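**Student:** Please see the structure below; I have some questions.
The values are calculated or read from the model by the stated rules, or taken from the named source; none is laboratory data. Remember, it's a predicted structure, so these values are computed and weren't measured experimentally. For neighbour counting, all protein chains shown are included, and Cβ atoms are generated from backbone atoms with ideal geometry for every residue, glycine included. Quick note on the areas: whole protein, heavy atoms, side chains included, nothing else; ligands and nucleic acids left out. Shrake-Rupley method; radii C 1.70, N 1.55, O 1.52, S 1.80 Å.
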Amino acid sequence: MGTKIVSVSTTRKSLSNKQRALEILVRLKRLYPDATCSLNYSTPVQLLVATILSAQCTDERVNKVTPALFARFPDAATLAIADLVELENLVRSTGFYRNKAKNIQAACRMIVTEFDSVVPNQMAQLLQLPGVARKTANVVLAHAYGINAGVTVDTHVKRLSQRLGLTQHPDPVRIEKDLMGLLPQPDWENWSIRLIYHGRAICKARSPACEACQLADLCPTANKIRA
Ligand code: SF4
């Protein structure tokens, strides 16, 4: 046991943050080879809407809401003219439903009027849409268009990147910048999607299972977090 602790510490301390990030990425790919976006959608607009709904809500809950929502309002054109109260009722269980419904409708109106009913595939244009910040834009670009424009920083990516000592920042935009400096661009979304899996399965917010964690020898907070 004592030998293991020495070895763990040596492994981590002998690597730069960039080397550690790359090794973590290799292991995450091995651990979660089939990781993908867990939101259900058929089109870029539906992915955009589902991602807006996923703020402060689980993907599982969003996936329970979107079948009825997309059956009633399948695209930007129908969402743009939807009755707002009906829209609110359809997304109510995802929380913050008034704000989400308002943003979804306003974003869809802009998509219809400014972007010929097509979700833009550029970061700057996506950020013009109401309710869309970098996290949502990164998800849409990566999964609807296959573009790695940034690193998606959700609550899991934020928590794990901090625990893994790859950023000291609390602000998602600063965290994203740190991660973009450590990881190869083609793997930016690979990182996020797999770290989300690891956050759900092992490195949970209240009680991380460090004893079962395949990243423990690379993690400066391994076995140091108490619920
Ligand atoms: S060792 Fe513990 S704190 Fe570090 S990533 Fe694994 S579960 Fe999270």
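**Student:** Tell me the label-point distance for the pair I147, Q19, using the 7 Å Cα-to-Cβ offset, in nm and rounded to one decimal.
**Tutor:** That separation, rounded to one decimal, is 3.6 nm.
**Student:** Which angle between 0 and 90 degrees, to the nearest 10, do you get for helix 17-31 versus the longest principal axis of the chain when only C-alpha atoms count?
**Tutor:** The two axes meet at around 70 degrees.
**Student:** To the nearest 20 Debye, how big is the dipole of the chain about its Cα centre, given +1 on the beta carbon of each Lys and Arg and -1 on that of each Asp and Glu?
**Tutor:** On the way: 29 positive and 18 negative charges, 227 e Å.
Using only the charged Cβ atoms, the result is roughly 1080 debye.
**Student:** What number, in nm² with one decimal, is the all-direction average of the projected area of the convex hull of the alpha-carbon atoms of the stretch 98-177?
**Tutor:** On the way: hull surface 22.9 nm².
Value for the stretch 98-177: 5.7 nm².
**Student:** Compute the acute angle (0 to 90°) between the alpha-carbon long axis of helix 2-13 and the principal axis of greatest extent of the alpha-carbon atoms of the chain; round to the nearest 10°.
**Tutor:** Helix 2-13 sits at roughly 60 degrees to that axis.
**Student:** For the stretch 44-145, which whole percent of the accessible surface, found with a 1.4 angstrom probe, sits on carbon and sulfur atoms?
**Tutor:** Carbon and sulfur together cover 52 percent of it.
**Student:** How many nm separate the modelled label positions at Q128 and N99, each set 7 Å beyond the Cα in the direction of the Cβ?
**Tutor:** A separation of 2.4 nm, rounded to one decimal place.
**Student:** If you average the alpha carbon positions of the stretch 146-175 and of the stretch 71-101, how far apart do those two centres end up, in angstrom?
**Tutor:** Centre-to-centre (Cα) distance: 29 Å.
**Student:** Along the charge dipole of the chain, which of L126, Y197, L15 sits closest to the positive end, that is, farthest toward it, with unit charges on the beta carbon of Lys, Arg, Asp and Glu (+1, +1, -1, -1)?
**Tutor:** Most positive-ward Cα: L15.
**Student:** For a Förster distance of 25 Å, can you work out the FRET efficiency between the beta-carbons of Q168 and A106, rounded to the nearest 0.05? Write out the running numbers ahead of the final one.
**Tutor:** On the way: r = 35 Å, r/R0 = 1.41.
The formula returns an efficiency of 0.10 here.
**Student:** Could I ask something else about it? Given a 1.4 angstrom probe, what's the average accessible area per residue across the chain, in square angstrom? List each step's numbers first, then the result.
**Tutor:** On the way: 11410 Å² over 227 residues.
On a per-residue basis, 50 Å².
**Student:** Name the GluC sites (Glu not before Pro) in the stretch 125-221 that are in a loop by DSSP and that have at most 11 other C-beta atoms within 10 Å, would you? Please report the intermediate quantities before stating the final value.
**Tutor:** Values: sites: E176, E189, E211; in loops: none.
When the GluC sites (Glu not before Pro) of the stretch 125-221 are filtered for loop state and at most 11 Cβ neighbours within 10 Å, nothing remains.
**Student:** Provide Rg and Dmax in Å for the stretch 44-145, with only Cα atoms included in the calculation.
**Tutor:** 12.1, 32
**Student:** Among 78-88, 127-137, how do they line up by average Cβ neighbours within 10 Å per residue, starting with the highest?
**Tutor:** Ranked from most to least packed, the peptides come out as 127-137, 78-88.
**Student:** Would you work out which of H169, L87, G146 lies farthest towards the positive end of the dipole of the chain? Charges go on Cβ: Lys and Arg +1, Asp and Glu -1.
**Tutor:** Among H169, L87, G146, the one farthest towards the positive end of the dipole of the chain is H169.
**Student:** Mind checking the full-extension length gain between A201 and K177? Use 0.36 nm per residue of separation minus the Cα-Cα distance, one decimal, nm.
**Tutor:** Details: separation 24, 0.36 × 24 = 8.64 nm, distance 2.55 nm.
Value of the extension gain: 6.1 nm.
**Student:** Below 8 Å between Cα atoms, with a sequence gap of 6+, how large is the relative contact order for the chain in percent? Don't jump to the answer; show the numbers that get you there.
**Tutor:** On the way: 281 pairs, mean separation 49.8, N = 227.
Computed over the chain, the figure is 22 percent.
**Student:** Return one number: the angle in degrees, 0 to 90 and rounded to the nearest 10, between the long axis of the Cα atoms of helix 97-114 and the longest principal axis of the Cα atoms of the chain.
**Tutor:** Around 70 degrees separate the two axes.
**Student:** How long is the gain from Q214 to T113 if the chain were fully straight, where each residue apart is worth 0.36 nm and the alpha carbon distance is subtracted?
**Tutor:** Details: separation 101, 0.36 × 101 = 36.36 nm, distance 4.86 nm.
Result for the pair: 31.5 nm of gain on full extension.
**Student:** Could I ask something else about it? Which FRET efficiency value, to the nearest 0.05, is calculated for I225 and R92 with the Förster distance at 35 angstrom and r the Cβ-Cβ distance? Could you put the intermediate results ahead of the total?
**Tutor:** Values: r = 35 Å, r/R0 = 0.99.
Once the sixth-power term is evaluated, E becomes 0.50.
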